[in-house]
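Reviewing the structure listed below.
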Amino acid sequence: MLDTTDPHQVRAALAEDPARLLVVLASKSGETVESESLGRVFVDHLHRHLGKAATARHIVVITDPGSRLHATAMREAYACVLSDPMVGGRFSALGPFGLVAPGLLGADIAAVVRAAAAVRPSLANDADNPGLLLGAALAAAAERGRDKVLLCAEGAAVRALPNWIEQLVSESTGKDGRGILPVIGSARTAAPADAVRVVLGVDPRGTADIVVDAPLGAQFLLWEYATTVASYRLGVNPFDQPNVEESKANTQAVLAGDHRDGGDVPLIVTDAVEVHLNPGQAAGPALCERLEEVFEWLLTISEPAGYLAVMAFLDRSGDQRVAEVAQRLRERTSRPVTFGWGPRFLHSTGQLHKGGPPTGAFLQITAAAQDDVRVPGRPFGLARLQAAQAEGDRLALARRGRPVVRMHLRDRRAGLDELTAAARHLS
């Protein structure tokens, strides 16, 4: 699953044997910059190694009818699966976007669909409707100040489900100054006082506020229904994502060279890390001289009812150590600390960061690229695109007065060493 523009991670995927590589290009519009750029990279890669005639046998397209990607698939004779254009991307788990790739990998997608079909009749009930109950409970808690939901998966069948729920709930509810913040945890994670603990699967410890025990396909349908109900109760449209579109526009402006705000000046410069602050931001961290002090400041301003979001525009495979920074910060506060890989989170919690309650503090981690990947037919490579996405999101947060600190790693390995060491030494 390549949902990144990090050139290091993409380069590793390009090292796979082209003859054994099947590329699934999935995009509703075909125009989202990440998927469009990655499509160009991989089509060119297959052309160069296999020849144009053979490339079509190595590509599957999933898209909406009439999209630019649909036209490309027809022109190039790619296998193409069309989705229902009325179903939004984050509500697509039970459509082609959610089922085609697992099916190609041999997963029993028929069982997933059967589980969803089995729970569907209950969602038409006025009483004993699990989706209605779940959505109403989440919204009622949020209206009373418990606007965070701690998601704890119990069991292999739902192990990765919180990551999907995180996008569904945050991008659907997080707008107009309202929203529910999903926090991914475990049975051992202490829930903040303003969080609802939801256990997916069996709750052996009996500590959950809500238990959703159902097969995977039923979980998909229940959460899609419940999220729609919760959004309606909160008075927001669950099917749009205005601030995601804003960050996309900012990215395009940065790539085009249309962004001019003078940039930001490093607050701290260490051997491998630069710490940047938004121009005009409150001067609290200006007194900081060490990375540990910046971490402490971020934790301080996320109190008493907020959260800290760590956003890493890095290689999820090669730079995994950065997740330790979020974990160490989590251990030093009673407030939620979320973690997201950029640009993936831009289509997930990124909407809530900007459109939801103004209670977040943000740590953005970027890095220099040692090995860029050219995007054929475009005047930029993936390194520049990734940097523009980070900058576009920083701009969107800054324009709303959200506190953002950017830590830029001039050298990835040495910079991660410094960040993790500083996080370990927090008081």
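The values are calculated or read from the model by the stated rules, or taken from the named source; none is laboratory data. Because the structure is a prediction, the values reported are computed rather than measured. Here the Cβ positions follow ideal geometry from the backbone for every residue, glycine too, while neighbour counts run over all protein chains shown. Just so you know, the surface numbers come from the protein's heavy atoms only, side chains and all, with ligands and any DNA or RNA stripped out. Shrake-Rupley method; radii C 1.70, N 1.55, O 1.52, S 1.80 Å.
Using the structure shown, decide if I62 is crowded, with 19+ Cβ neighbours inside 10 Å, at pLDDT 95 or above and not in a helix (DSSP H, G or I). Judged against the criteria, I62 is a match.
D372 falls short on exactly one of the conditions (1) out of contact with any Leu (no Cβ under 7 Å at 6 or more places or on another chain); (2) open to solvent by 40 Å² or more (accessible area, probe 1.4 Å), and that condition is (1). Could you please tell me which pairs satisfy a Cβ distance under 8 Å, a separation of 6+ or placement on different chains, a first residue in segment 187-205 that is at positive phi and in contact (Cβ under 8 Å) with a residue 40 or more places away in the chain, and a second residue that is surrounded by fewer than 20 Cβ atoms within 10 Å (Cβ to Cβ) and small (G, A, S)? If the second residue must be surrounded by fewer than 20 Cβ atoms within 10 Å (Cβ to Cβ) and small (G, A, S), the pairs left are G201/G155; G201/A157. In segment 93-133, the residue that is most open to solvent (accessible area, probe 1.4 Å) out of those that are touching a residue at least 60 places away in the same chain (Cβ under 8 Å) and part of a loop (DSSP other than H, G, I, E, B) is L94. Hey, among the residues in segment 71-83 that are of a type outside the set (G, A, S) and surrounded by 13 or more Cβ atoms within 10 Å (Cβ to Cβ), which one's farthest from the chain's Cα centre (by Cα)? For segment 71-83, the residue satisfying everything is E76. When the helices (runs of 4 or more DSSP H) confined to segment 1-55 are screened for residues that are charged (D, E, K, R) and touching a residue at least 40 places away in the same chain (Cβ under 8 Å), those reaching at least 2 such residues are found at 33-50.
Residues are listed down the side, and each one gets a yes or a no for (1) of a type in the set (S, T, N, Q); (2) open to solvent by 10 Å² or more (accessible area, probe 1.4 Å); (3) farther than 26 Å from E331 by Cβ:
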residue	(1), (2), (3)
L151	no, no, no
A156	no, yes, yes
T173	yes, no, yes
R178	no, yes, yes
G185	no, yes, no
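So, in segment 134-151, exactly how many residues are assigned to a loop (DSSP other than H, G, I, E, B) and under 25 Å from the mean Cα position of the chain (by Cα)? Here the count works out to 3.
If the condition is being over 19 Å from S37 (Cβ atoms) and among the acidic types (D, E), then segment 65-104 contributes only D84. Checking the structure you have, find out if any residue of segment 204-222 is open to solvent by less than 20 Å² (accessible area, probe 1.4 Å), of a type in the set (D, E) and modelled with pLDDT of 95 or more. Within segment 204-222, not a single residue is open to solvent by less than 20 Å² (accessible area, probe 1.4 Å), of a type in the set (D, E) and modelled with pLDDT of 95 or more.
Inside segment 10-29, residues that are within 16 Å of V375 (Cα to Cα) and buried (at least 21 other Cβ atoms within 10 Å of the Cβ) make up a count of 2.
Assess whether G39 counts as being at positive phi and open to solvent by less than 50 Å² (accessible area, probe 1.4 Å). It is false that G39 is at positive phi and open to solvent by less than 50 Å² (accessible area, probe 1.4 Å).
Filter segment 385-427 for residues that are open to solvent by 10 Å² or more (accessible area, probe 1.4 Å) and touching a Leu at 6+ places or on another chain (Cβ under 7 Å) and give the result. Result: E418, single match. Of the candidates A286, A282, the single residue that is part of a loop (DSSP other than H, G, I, E, B), at pLDDT below 95 and out of contact with any helix residue (DSSP H, G or I) (no Cβ under 6 Å at 6 or more places or on another chain) is A282.
Picking from residues in segment 331-352 that are polar (S, T, N, Q) and surrounded by fewer than 22 Cβ atoms within 10 Å (Cβ to Cβ), the one that is farthest from D319 (Cα to Cα) is S334. Taken over segment 398-419, the criterion of being assigned to a helix (DSSP H, G or I), more than 13 Å from H276 (Cβ to Cβ) and either out of contact with any Lys or Arg (no Cβ under 6 Å at 6 or more places or on another chain) or acidic (D, E) (or both) is satisfied by R412, R413, A414, G415, D417, E418, L419. Out of segment 304-330, which residues are open to solvent by less than 20 Å² (accessible area, probe 1.4 Å) and assigned to a helix (DSSP H, G or I)? Correct list: V322, V325, A326, L329. Taken over segment 21-55, residues that are touching a helix residue (DSSP H, G or I) at 6+ places or on another chain (Cβ under 9 Å) and either farther than 28 Å from M86 by Cα or of a type in the set (D, E, K, R) (or both) amount to 17. Assess whether V41 counts as being modelled with pLDDT of 95 or more and among the β-branched types (V, I, T). Yes.
With the requirement that a residue be of a type in the set (S, T, Y) and more than 20 Å from V294 (Cα to Cα), what does segment 347-381 give you? Hits for segment 347-381 are S348, T349.
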